[in-house]
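This report concerns only the one structure given below.
The values are calculated or read from the model by the stated rules, or taken from the named source; none is laboratory data. Keep in mind that this is a model prediction, so the values were computed, not measured. Glycine also receives a Cβ, built like all others from the backbone with ideal geometry; neighbour counts cover every protein chain displayed. For the accessible areas, the whole protein counts, side chains as well, though only heavy atoms, and no ligand, DNA or RNA atoms are used. Shrake-Rupley method; radii C 1.70, N 1.55, O 1.52, S 1.80 Å.
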Amino acid sequence: MGSLCIADLLRRVNTLELYYVRGGWVPSDLEARHTFTLLDWCTNPEQAYGLSLVALIAAFCFTIGVQTKLAHGITWLCLIS
């Protein structure tokens, strides 16, 4: 399951700036306000890449079994964002 999360995160990296940053094609300002996402706080691409890196590290830890419950929670929170 962790390797599937890693594959999904690596697939999203190519289009990160287009969809998940305020200056992209679909700015985060236009999203519905009843949704929760950590990416609302990302105003520039570096922050979005940083959040993706945190998710990638958590997914890797989840895959190899290091702090599994914590890694699962962080991975889940980052992926639904």
### Ranked packing of 10-18, 37-45, most packed first, by mean Cβ within 10 Å
37-45, 10-18
### Summary
Mean accessible area per residue over the range 34-79 (1.4 angstrom probe, all protein chains present, square angstrom) is 63
## Note on the structure
By the mean-Cβ-within-10 Å protection proxy, highest first, 60-69, 47-56 rank as 47-56, 60-69
